[in-house]
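Step one of this worksheet: look at the structure below.
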Amino acid sequence: MRKTLLLLAKILASGVLLYLALRGIDFTQVTSRLKQINLVWVALAFAVALTQLWLGAVRWHDVTMVCGTELPIARAFRYNYIGAFFNQTLPSAIGGDAMRLWLLGRNGAGWRTATYSVFIDRAVGLIALAVLVVGALPLSWRLIGDENGRYALALLGVGSLGAGVGFLILGRLPWDWLDRWFPTRHVRACSVLANQVLFGRRTALRIAVVSIAIHVLAVVMVWLVAQSIAAPARPTQLLALVPPVMLITMLPISIAGWGLREATMMVAFGYAGLQQADGLTVSLLYGTIVFALGATGGLVWILSSEKAQGGPMPEPLTEP
């Protein structure tokens with residue numbers, strides 16, 4: 001019952017947010033933009049999305065190495081591709097992560113290592129996104145004229161980065177009780193490994209470059225989508241606007257980000273002096289590309305050996 005109510009709440013949230021985003025929009029402008037869509041730009045955006053998945057596989061490979069197993073990059077890419085499908089089909093913002101965890105756990109890594117690697121991979125991605133948001137604040141403040149928008153953006157970026165730094169500090173605290181107390185022991189263990197991933201001699205540089213590149217490619221995707229409908233959005237504008245939108249979209253309050261992404265993209269475009277209708281159109285097309293990526297990931301899942309073999313979930317994470 002609780003899961004059903006949560007699903008219904010997310011569906012309702014997506015519906016309400018979409019309604020708020022669509023309300024008051026001049027659909028003649030949206031229709032005009034869509035009539036002149038150039039599918040070559042859309043295809044390029046889809047290729048960039050695939051590149052993101054590949055870079056994510058490179059990062060996950062490095063994370064699993066630190067966690068004590070080895071996940072080949074090609075297999076990590078396939079698992080990420082399958083995860084993209086479940087991100088779109090499961091009523092959760094972490095459906096794809098749960099599927100990646102399951103695929104890795106049942107193929108020899110074990111439940112603990114799979115859980116830690118997926119959690120750390122997601123945490124590193126969020127920290128990198130927060131760094132990008134904070135790093136682009138000088139550009140954002142010149143672009144956004146509304147004072148409330150400026151401070152909201154600064155609070156979002158600094159707060160997210162502070163949460164990431166707090167997570168990393170947890171692994172460096174010299175308090176033994178953190179390793180014994182159940183509510184903190186696994187988070188602390190993940191923090192210790194995350195520090196090794198981010199600051200280790202073997203992984204630090206590549207993890208940093210790859211993680212930032214993944215989010216920059218999201219900006220490139222949005223720019224390509226804007227180009228496909230001839231929307232006047234410059235790359236520098238999108239570099240300031242898109243990362244905060246992506247950060248907000250990760251909040252697990254809607255279905256696959258629908259509604260929340262459109263509402264925040266419209267607000268971001270409006271703050272930058274761009275047409276909100278263009279923000280809505282770009283967001284809808286971006287979401288459609290991500291959905292199409294997930295759909296092809298579904299084909300990968302159907303044809304995969306893991307789907308053919310079936311099998312139970314791995315054993316739950318237990319105490320040593």
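The values are calculated or read from the model by the stated rules, or taken from the named source; none is laboratory data. Given the structure is predicted, the values throughout are model-derived calculations rather than measurements. Don't worry about glycine lacking a Cβ; one is built from the backbone with ideal geometry, like all the others, and counts go over all protein chains shown. When the accessible area is computed, the model is the full protein with side chains, heavy atoms only, and any ligands, DNA or RNA have been set aside. Shrake-Rupley method; radii C 1.70, N 1.55, O 1.52, S 1.80 Å.
Quick rundown of the values:
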item	result
Selection count, region 104-155, where residues are touching a residue at least 40 places away in the same chain (Cβ under 8 Å), farther than 25 Å from PHE199 by Cβ and of a type in the set (A, V, I, L, M, F, W, C)	5
Matching residues in region 55-106 - criterion: being more than 22 Å from VAL209 (Cβ to Cβ), assigned to a loop (DSSP other than H, G, I, E, B) and either out of contact with any Ser or Thr (no Cβ under 9 Å at 6 or more places or on another chain) or of a type in the set (Gly, Ala, Ser) (or both)	GLY68, LEU90, PRO91, SER92, ALA93, ILE94
Search result, residues across region 158-185 that are assigned to a loop (DSSP other than H, G, I, E, B) and modelled with pLDDT of 90 or more	GLY171, ARG172, LEU173
Top-ranked residue in region 124-145 [being of a type in the set (Gly, Ala, Ser) and open to solvent by 20 Å² or more (accessible area, probe 1.4 Å); ranked as farthest from ALA240 (Cα to Cα)]	GLY145
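Conditions (1) open to solvent by 30 Å² or more (accessible area, probe 1.4 Å); (2) modelled with pLDDT of 95 or more, marked per residue:
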| position | (1), (2) |
| --- | --- |
| ILE37 | yes, no |
| ALA43 | yes, yes |
| ALA47 | yes, yes |
| MET65 | yes, no |
| THR69 | yes, no |
| MET99 | no, no |
| TRP111 | yes, no |
